[in-house]
Amino acid sequence: MYAKVEDNTVVKVNSSVASFNKAAVSWSKAQLEANGIYEVVYNNTNLKDNRFYINGAESFTFANDTVTASYTAAVGKALDDVNEVDENGDALLDDDGVQVVTSGLKTNEKNQIKAQAAGLLQSTDWYVVRNAESSTAIPANVSTYRTAVRTKSNEMETAIDGAASAEALEALFTYTTGADDVVSRPLGEWPRLA
């Protein structure tokens with residue numbers, strides 16, 4: 001990313017240096033800067049994971065012969081579902097008369113957990129179907145695995161429901177390396193079929 005600076009103020013930003021001057025693509029750094037064109041340096045201090053946050057606006061400053069892009073503080077996304085309202089504060093309804101609800105982070109993350117659990121169970125569903133159709137026993141290790149997946153899904157959803165902020169929710173999914181060099185996350189991992 002490049003920026004055009006005039007009178008110590010950033011006046012234009014573009015990913016293509018040629019947008020400032022077609023000949024600029026062949027210029028050295030010194031030639032670019034002599035023409036008020038600087039490569040942008042990013043300060044991502046306030047930039048957070050957009051899965052959990054709404055990142056602040058990007059701004060550009062020029063100081064000490066450097067153009068810096070930075071962001072205002074990120075704000076955590078809504079944790080809980082929101083019943084939408086119209087401009088009068090009345091419940092916003094869909095075409096079928098059902099309340100319009102915007103899912104919060106907790107609902108979105110729990111839906112992901114449910115989908116992951118369903119995906120894990122899918123490979124062993126045929127055992128359940130076979131059992132229902134022909135009374136052929138489900139192997140003990142498969143039954144144990146399926147129970148463990150459902151239990152883990154419930155534990156993960158409970159942990160997600162317990163998060164009091166976007167930061168706390170993000171922390172559940174963040175992997176860290178412990179003193180024993182084991183990489184883990186507070187949410188835990190899915191069981192494996194033995």
When all protein chains stay in place, what accessible area (Å², nearest 10, 1.4 Å probe) is found for F173?
30 Å²
Ignoring any ligand, DNA or RNA, what whole percent of the accessible area of the chain comes from carbon and sulfur when the probe is 1.4 angstrom?
49 percent
Output the Kirkwood hydrodynamic radius of the chain, Cα pairs only, in Å rounded to one decimal.
22.1 Å
Multiply the residue gap between T66 and V41 by 0.36 nm, knock off their C-alpha separation, and tell me the result in nm, one decimal place.
8.3 nm
Skip the ligands, DNA and RNA, and give the accessible area per residue of the chain with a 1.4 Å probe, whole Å².
63 Å²
So which GluC sites (Glu not before Pro) in the range 22-119 pass both tests, a DSSP loop state and at most 10 other Cβ atoms within 10 Å of the Cβ?
E87
Taking the Cα centre of the chain as the origin and placing charges on Cβ (Lys, Arg +1; Asp, Glu -1), which of A73, T102, I113 is farthest toward the positive end of the dipole?
I113
In sequence order, calculated HN-Hα J values of the range 2-17 (Karplus, 6.51, -1.76, 1.60; Hz; x Gly/Pro)
10, 10, 9, 10, 10, 6, 6, 10, 6, 10, 7, 10, 7, 6, 10, 5
Lys, Arg +1 and Asp, Glu -1 on Cβ, resulting dipole of the chain about Cα centre, debye, nearest 20:
920 debye
Using a 1.4 Å probe on heavy atoms of the protein chains only, the accessible area for Y42 in Å², nearest 10, reads 90 Å²
Members of K4/K77; K12/K77; K4/K29; K48/K106; K77/K152 lying beyond 22 Å, as alpha-carbon distances in this model show
K4/K77; K12/K77; K77/K152
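The values are calculated or read from the model by the stated rules, or taken from the named source; none is laboratory data. In this text, all values refer to a predicted model and were calculated from it rather than measured experimentally. Glycine also receives a Cβ, built like all others from the backbone with ideal geometry; neighbour counts cover every protein chain displayed. Calculation scope for accessible area: heavy atoms of the full protein, side chains included, ligands and nucleic acids excluded. Shrake-Rupley method; radii C 1.70, N 1.55, O 1.52, S 1.80 Å.
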